[in-house]
Amino acid sequence: MTSPKEKASKGEKKLGAGGTAKTSQPKVHPNVRLLSPESIIQIFDRFKQANPAPQTELLAPNDFTLLVSVVLSAQATDKSVNKATAPLYQVADSPEKILELGEAGLISYIKSIGLFRSKARHVMELSQILVRDFGGKIPRTREDLQKLPGVGRKTANVILNVVYGEPTMPVDTHLLRISPRMGLSNGTTPEAVEQDLIRVIPAEYMQHAHHWLILHGRYICTARNPQCTDCPIADLCMHNNLDS
């Protein structure tokens, strides 16, 4: 799952007239046309009809390994993470086994993934915390999840949604890019887009909404050369910023 940094930058602060601090990043995209509530319902109804139960493309045999894979996927592709973790999870699929493996042993499996040294340190530290404070189980509150090393808001949202079935909205680079393009949000930050999507997407679609959007952004609404002629929602999409 390719992801922006877990904790999004709030933008550099610059001093304006009179020494007043102001952010260099606009809070909303200018001139973005937003979808009507009726169009949003039609879009997600089409997504549901085409793929009623979408799944993450990260391959993980249990909740703990899913957490590890999401941490490893920051600024990496699902494919690269799956390639590295397939042999890892055959020997270490719990926090206790990760601790037994040790940091050097973990690195030997994940060294093909970008930022593998810092990610290995995070996985070791979060494994220690899970064993010490949570009996080896994955916590189910956002507060506890975000206390784990390497776990920011996006990763916490993934776990809350996939493991515990909560209607959260993990915003990765795909959602940050396609939500304004489609007309679902005019936000410019992950948290702004997250709040917009939670507000406009009907509750009945929220369980799977982020997976539908990730897959749409990954395979249809690509950053370069979006496949508009093959897009199942082309007639509804607002096509914002495609000509800019």
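Of SER108, SER185, the residue with the largest accessible area leads and the full order is SER108, SER185 (1.4 Å probe).
In this structure, the amide hydrogen of GLY187, modeled 1.01 Å from its nitrogen in the peptide plane, lies closer than 5 angstrom to those of HIS29, counting only residues at least 5 positions away or on a different chain. Compared with the rule-of-thumb size 2.2 N^0.38 Å for a compact globular protein, the stretch 148-244 has a Cα radius of gyration ratio of 1.08.
As a length-normalised measure over Cα pairs under 8 Å and 6 or more apart, the relative contact order of the chain settles at 24 percent. Rg over Rh for the chain works out to 1.00, both radii taken from alpha-carbon positions and Rh defined as the Kirkwood radius.
Exposed loop sites here are trypsin sites (Lys or Arg not before Pro) assigned a DSSP state other than H, G, I, E or B and surrounded by at most 16 other beta carbons within 10 Å; excluding them, the longest clear run of the chain is 34-110. Here the gap between ASN62 and HIS239, fully extended at 0.36 nm per residue and compared with their Cα-Cα distance, gives a gain of 59.9 nm. Rolling a 1.4 Å probe over the protein heavy atoms gives the stretch 158-244 an accessible area of 42 Å² per residue. Between the stretch 69-98 and the stretch 102-141, the alpha-carbon centres lie 10 Å apart.
Estimated from helices alone, the mean residue ellipticity of the chain at 222 nm is -15500 deg cm²/dmol (sum of -39500 (n - 2.57) over DSSP H runs with n ≥ 4, per residue).
Once the cut-off is 25 Å, how many percent of the Cα-Cα pairs in the stretch 54-156 end up in the long-distance tail? Roughly 9 percent, once rounded to a whole number.
Seen from LEU184, the other residues with C-beta closer than 13 Å to its C-beta sum to a net charge of +2, counting Lys and Arg as +1 and Asp and Glu as -1. With a simple spin-label model that places each label point 7 Å from the Cα along the Cα-to-Cβ direction, the separation between VAL200 and GLN42 comes to 1.5 nm. Extending 7 Å from Cα along the Cβ direction at CYS231 and again at GLU125 yields two label points whose distance is 4.0 nm.
Shown in residue order for the stretch 68-74 are the 3J(HN,Hα) couplings computed by the Karplus curve 6.51 cos²θ - 1.76 cosθ + 1.60 at θ = phi - 60°: 4, 5, 5, 4, 5, 7, 4 Hz (x for Gly and Pro). When a 1.4 Å probe is rolled over the protein heavy atoms, the share of accessible surface on the chain that falls to carbon and sulfur comes to 52 percent.
The values are calculated or read from the model by the stated rules, or taken from the named source; none is laboratory data. Remember, predicted model here, so these are calculated numbers, not experimental data. A quick note on method: Cβ atoms are made from the backbone with ideal geometry, for glycine too, and the neighbour counts reach across all protein chains shown. Heavy atoms of the whole protein, side chains included, go into the accessibility calculation; ligands, DNA and RNA do not. Shrake-Rupley method; radii C 1.70, N 1.55, O 1.52, S 1.80 Å.
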